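Worksheet: one structure, shown below.
Taken together, the values in this text are just the output of simple stated rules run on the coordinates, not laboratory data. Note that the structure is predicted; figures quoted are calculated from it, not measured. Virtual Cβ from ideal backbone geometry, glycine too; neighbours counted across all protein chains shown.
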Amino acid sequence: MADHFAGFSRGVEGFKASDFTTGTSSTGGLSMELRITDGAVRKVDVIKFLEACERFIEDPKQVVAAGFTFIDG
């Protein structure tokens, strides 16, 4: 199975399907994207990943260690 990507631009809330760009190649020019590389991934695994990402982004120590810079701190 090919890699699949879903991305959207900064400031988009993601409430409408049209907010997302999807496909089998990187969404490149967008601010953020999710990449799934294995066709055997379960939906629950993606949800757990997204929840873990939220915890990661909310932890200042993790953000600094990863080298991320956010305009709102």
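Only residues that are farther than 26 Å from Asp72 by Cβ and within 13 Å of the chain's Cα centre (by Cα) were counted in the stretch 1-25, giving 2.
Summed over the stretch 26-64, residues that are acidic (Asp, Glu) and under 12 Å from the mean Cα position of the chain (by Cα) total 3. Where strands (runs of 3 or more DSSP E) fall wholly inside the chain, the ranges with 2 or more residues that are touching a residue at least 24 places away in the same chain (Cβ under 8 Å) and on the phi < 0 side of the Ramachandran plot are 4-8, 32-36. Looking only at residues of the stretch 27-44 that are hydroxyl-bearing (Ser, Thr, Tyr) and exposed (fewer than 13 other Cβ atoms within 10 Å of the Cβ), we find that the one that is farthest from Asp72 (Cα to Cα) is Thr37.
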